[in-house]
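S.K.: I have a structure here, written as structure tokens, and I will follow up with some questions on it.
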Amino acid sequence: MRTQVGIVGAGPAGLFLSQLLHLQGIESVVFECRDRAYVEARVRAGVLEYGTAETLREAGVGERMDAQGLPHAGTELRFARTRHRIDFAELTGRSIMVYGQQEVVKDLIAARLADGGDVRFQTEVVGVHDLDTNRPRIAFVEAGEPAELDCDFVIGTDGFHGVSRNHVPDLMIYGRDYPFAWLGILAEAPPSSRELIYARHDRGFALHSMRSPKITRMYLQVPADESLHEWPDERIWAELHQRLATDDGFELTEGALLDKSITPMRSFVATPMQHGRLLLAGDAAHIVPPTGAKGMNLAIADVRLLAHALGGYYADGRDDLLASYTETALRRVWRATHFSWWMTAMLHVDPGTDEFGAQLAQAQLDYVTTSRAMATSLAENYTGLPYEQSWSYR
Ligand code: FAD
Ligand code: DHB
């Protein structure tokens, strides 16, 4: 078995890279250890940067997003029982798109399979070999049978718990774990607000988001290592009501819970993002806490760079774009890492800090909601900074 680019993992990063390569006439095979139904149902991110939405359109997979996604021209910061709007459109001329990650994944899988793409579900990659040669190999197990794929490049888009990253020797890791986690719910209830609400409360952070005019997505700050058993539905609703309450009578609509999960919060950056013919992208190389809504957007930004660099390799035999991949990708990664850490610190209650930390967070919220300069900084980071180059080589 042989292909040009072997891709480990069918999350947004792996699937989208396969699509961008296909559009440039480059062949790939995508391996995914889970089944298709699982990957399509996994509830995760919901906010697409302006540029992410635009890139999906350019790649021919934006039709359903434009029909069903919810464009938002601003967001709300809520604290001390008061609402403050950050107007993205006025401050930056840009907006974001609220569209579930699993919908992006469904659209990408449908597009790849319609074009005869090779996406193999329930196929686990167990190792990658000969990365220092021009003929790296991917070892995988499909239907219980071990097999290998020869390729020109191996792309590790297998997420934080994947196997690819372990094949980069002398990896440097930077990061921190936060002393809290997010409990996320999906509720069969119409959203209680037209836009997202990021709320800081003495009891902790709360986020009101949505998936459609009928489905609300919400998150609560909970202690790190919290168990879902501690959170029966009534407790979740009671806590959301308290943390989102305003003096002007905000009303939260309740509904049946369709999904409930707890996600740890961490910042993590691994470098270099490449070794020989192996290149890492997305969560395999970096994780941000979800407060800035950056994780999936960074994954898309990484694979834009890879699509361009691999396009240059196959069109003109260029190695330089691949050689500078880590350096180029990390500029955006570190910017998003800072923004995500900053949003997290401003909006969460850190159980380990005293009143000093709480006062700093409050001062920052006061500043960002009264200074046009600071609000613009939040808006341009949230809606997404411009890309350095196009995803296609030509
Ligand atoms: P993944 O989506 O993790 O995909 C990796 C794939 O590789 C998986 O399908 C996995 O099954 C597969 N795999 C792993 N190992 C193997 C193997 N050995 N062989 C074969 N396949 C393998 N980001 C945002 O941009 N905006 C948000 O609003 C946002 N909110 C979030 C909220 C929550 C609760 C969570 C958990 C995350 C959120 N994120 C958000 C982050 C975002 O979901 C991730 O950054 C994104 O999924 C990264 O995509 P990826 O393709 O790199 O990795
Ligand atoms: C969603 C997730 C986020 O991490 C975020 O910052 C905003 C929205 C969501 O799932 O809708």
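The values are calculated or read from the model by the stated rules, or taken from the named source; none is laboratory data. What you see is a predicted model, and the numbers here were worked out from it, not measured in a lab. Here Cβ is always computed from backbone atoms with ideal geometry, including for glycine, and neighbour counts include all displayed protein chains. Accessible surface is based on the protein model in full, side chains and every heavy atom, while ligands, DNA and RNA are left aside. Shrake-Rupley method; radii C 1.70, N 1.55, O 1.52, S 1.80 Å.
S.K.: Take the residues of segment 276-291 that are surrounded by fewer than 24 Cβ atoms within 10 Å (Cβ to Cβ) and near ligand 1 (Cβ under 9 Å from one of its atoms): which is nearest to Arg176 (Cα to Cα)?
M.R.: Going through the qualifying residues, I end up with Ile287.
S.K.: Quick test of your reading of the structure: Leu20 fulfils all but one of (1) of a type in the set (A, V, I, L, M, F, W, C); (2) open to solvent by 60 Å² or more (accessible area, probe 1.4 Å); (3) out of contact with any strand residue (DSSP E or B) (no Cβ under 8 Å at 6 or more places or on another chain); (4) closer than 25 Å to His286 by Cβ. Name the failing condition by number.
M.R.: (2) is the only condition that Leu20 fails.
S.K.: Show me the helices (runs of 4 or more DSSP H) found entirely inside segment 1-76 where at least 1 residues are among the acidic types (Asp, Glu).
M.R.: In segment 1-76, 36-41, 50-58, 63-68 are the helices (runs of 4 or more DSSP H) which contain 1 or more residues that are among the acidic types (Asp, Glu).
Residue by residue, here is whether (1) away from ligand 2 (no atom under 16 Å from the Cβ); (2) acidic (Asp, Glu) holds:
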{"position": "Ala10", "(1), (2)": "yes, no"}
{"position": "Phe16", "(1), (2)": "yes, no"}
{"position": "Leu20", "(1), (2)": "yes, no"}
{"position": "Gln24", "(1), (2)": "yes, no"}
{"position": "Val29", "(1), (2)": "yes, no"}
{"position": "Asp35", "(1), (2)": "yes, yes"}
{"position": "Val43", "(1), (2)": "no, no"}
{"position": "Glu54", "(1), (2)": "yes, yes"}
{"position": "Arg57", "(1), (2)": "yes, no"}
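S.K.: Turning to a different aspect of this structure: Take the residues in segment 224-242 that are acidic (Asp, Glu) and part of a helix (DSSP H, G or I), then tell me which one is least open to solvent (accessible area, probe 1.4 Å).
M.R.: Glu239
S.K.: Tell me whether segment 259-275 contains one or more residues that are within 11 Å of the chain's Cα centre (by Cα), open to solvent by 40 Å² or more (accessible area, probe 1.4 Å) and not basic (Lys, Arg).
M.R.: no
S.K.: Another question, then. Here are Glu254, Glu327: which of them is free of Cβ contacts under 8 Å to residues at least 40 places away in the same chain, away from ligand 2 (no atom under 15 Å from the Cβ) and out of contact with any Asp or Glu (no Cβ under 7 Å at 6 or more places or on another chain)?
M.R.: Unique residue meeting the criteria: Glu327.
S.K.: Where in segment 122-185 are the strands (runs of 3 or more DSSP E), entirely inside, with at least 2 residues that are open to solvent by 20 Å² or more (accessible area, probe 1.4 Å) and either of a type in the set (Asp, Glu) or closer than 30 Å to Ser227 by Cβ (or both)?
M.R.: Where strands (runs of 3 or more DSSP E) fall fully within segment 122-185 and carry at least 2 residues being open to solvent by 20 Å² or more (accessible area, probe 1.4 Å) and either of a type in the set (Asp, Glu) or closer than 30 Å to Ser227 by Cβ (or both), they are 145-150.
S.K.: Here is a check on your reading of the model: is Ala89 of a type in the set (Gly, Ala, Ser), open to solvent by 40 Å² or more (accessible area, probe 1.4 Å), assigned to a helix (DSSP H, G or I) and out of contact with any strand residue (DSSP E or B) (no Cβ under 8 Å at 6 or more places or on another chain)?
M.R.: Against the criterion (of a type in the set (Gly, Ala, Ser), open to solvent by 40 Å² or more (accessible area, probe 1.4 Å), assigned to a helix (DSSP H, G or I) and out of contact with any strand residue (DSSP E or B) (no Cβ under 8 Å at 6 or more places or on another chain)), Ala89 does not qualify.
S.K.: Can I ask one more? What is the number of the single condition among (1) closer than 20 Å to Ala199 by Cβ; (2) open to solvent by 20 Å² or more (accessible area, probe 1.4 Å); (3) in a helix (DSSP H, G or I) that Val349 does not meet?
M.R.: (3)
S.K.: Of (1) within 16 Å of ligand 2 (Cβ to nearest atom); (2) open to solvent by 50 Å² or more (accessible area, probe 1.4 Å); (3) assigned to a helix (DSSP H, G or I), Val105 satisfies all except one. Which?
M.R.: The failed condition is (2).
S.K.: Right, another one. Would you please list the contacts, defined by Cβ atoms under 6 Å and residues six or more apart or on different chains, that run from a residue in segment 348-360 that is of a type outside the set (Gly, Ala, Ser) to a residue that is in a loop (DSSP other than H, G, I, E, B)?
M.R.: His348/Phe205; Val349/Gly204
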